[in-house]
Structure formats: C-alpha cells, structure tokens
Amino acid sequence: MRKGADCLSKWVGESERQLRLLFDQAYQMRPSIIFFDEIDGLAPVRSSRQDQIHSSIVSTLLALMDGLDSRGEVVVIGATNRIDAIDPALRRPGRFDREFHFPLPSVKARSQILNIHTHNWSPRPSKRLLHFLSEQTVGYCGADLKALCAEATLIALRFKISSNLFIQR
C-alpha cells in the first residue's frame, strides 16, 4: 500500500522512476495488487495552471496502467475521498474500470462502530448513550468515531488522575 504523496519526490524524474519500479515489482511478483491511498495527491486533475511535475507523474501513471495486460495479474486500486480531484483520464475504461462509493455510516452503523470501540470499557456505556452519540455524530466516519472514543478515554483518565490527586491531598 502506498499513499499517493509517498511516490512524490523533490528530485526531477524520481517520482516517475519510483512508479516504474513499483509497477515492475508488482509485475515480477504477480499476481499482485497495487493500492494507492489518497490517489488524488499523486494524480490530480491536470490543467494549464498546474506544474509540469504533476503532469509528468500523471502521464507516467497512465502509461504504466495502459501497459498492464488484461489477464488481471496486476490489479491497481486507488482510494480517495475527493473523486473530483482525480485526473479524468484515470477514470476511463481500461484504467480504473469500476468505481465504488462508500457512504458515511448510518446512525445504526455508527452505533455499532461505537460499540466496537467501547466494548472493553469498564463500566460499559449504556446502549442509550451509544444511540444518543450515534445520532449526534452525523458526518463522522469510522476513524472519526474511533478518535472520539480515544479522546473520551484520555479525558476520563485525566479526570480520574486529577480526582485521585485531589482526594489524596
């Protein structure tokens, strides 16, 4: 797995070389999967105002994807939460053939996610509290809910430590 920006280099031509090496390695180790997380950072929409570096990287990526054979021995997957920021040439058939949209979790799904991240807590939060929190967290993804639980744990620990110090004095 690579983050899109991980392939970027400050040296001219190095990003393109890294991409070629990645595809060569994937081909040598086939069957294999190349997964680009945050591909919008690697292959943004090309425009006349955009710098030549990104344009060259996008062109290299397009050429590498076009060079893959159709047997499916090397599969390329790109993930983004900004589909509009990806160069349209990547989205044509023969490159990224399918697009899957993963919506944010529903109230029920958020409640289940919160339950997963709090099931080891003692005392456990009530189902009522988890349902209330799931209703209040519209727009949160799973990672946001995990961070919310981690922050709640830290706050509880700080409160317990400061309460214990107060009681001991």
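Within the stretch 97-134, being exposed (fewer than 11 other Cβ atoms within 10 Å of the Cβ) and within 24 Å of the chain's Cα centre (by Cα) holds for D97, R98, E99, F100, H101, F102, P103, K108. Go through the stretch 69-86 residue by residue and tally those that are among the aliphatic types (A, V, I, L, M) and surrounded by fewer than 15 Cβ atoms within 10 Å (Cβ to Cβ). So the count comes out to 4.
Among the residues of the stretch 72-94, those that are part of a loop (DSSP other than H, G, I, E, B) and of a type outside the set (K, R) comprise G72, E73, T80, N81, D87, P93, G94. Restricting D97, D69 to those that are modelled with pLDDT under 90, outside the structural domain of Q28 (by TED's automatic domain parsing) and part of a loop (DSSP other than H, G, I, E, B) reduces the list to D97.
Of the numbered criteria (1) within 30 Å of Y27 (Cα to Cα); (2) surrounded by fewer than 15 Cβ atoms within 10 Å (Cβ to Cβ), the one A89 fails is (2). Listed by first and then second residue, the pairs with beta-carbon distance under 6 Å, at least 6 apart or on different chains, first residue in the stretch 109-134 and in the same structural domain as A147 (by TED's automatic domain parsing) and of a type in the set (S, T, Y), second loosely packed, with under 12 Cβ neighbours inside 10 Å and outside any helix (DSSP H, G or I), form an empty list.
Could we say that A147 is of a type in the set (G, A, S), closer than 27 Å to E38 by Cα and assigned by TED's automatic domain parsing to the domain that holds E14 here? Criteria not met by A147.
Residues considered: S56, S9, S15. Of these, the only one that is at pLDDT below 90, assigned to a helix (DSSP H, G or I), hydroxyl-bearing (S, T, Y) and within 22 Å of the chain's Cα centre (by Cα) is S15.
Just checking, which of T137, T60 is out of contact with any strand residue (DSSP E or B) (no Cβ under 7 Å at 6 or more places or on another chain), without any contact (Cβ under 8 Å) to a residue 60 or more places away in the chain and not assigned by TED's automatic domain parsing to the domain that holds M29? Even if it seems obvious, please write down each step before you answer.
Details: T60 fails: not assigned by TED's automatic domain parsing to the domain that holds M29.
The match here is T137.
The values are calculated or read from the model by the stated rules, or taken from the named source; none is laboratory data. Just so it is clear, the model here is predicted, and its values are computed rather than measured. In this analysis, Cβ positions are derived from the backbone assuming ideal geometry, glycine residues included, and neighbour counts consider all displayed protein chains.
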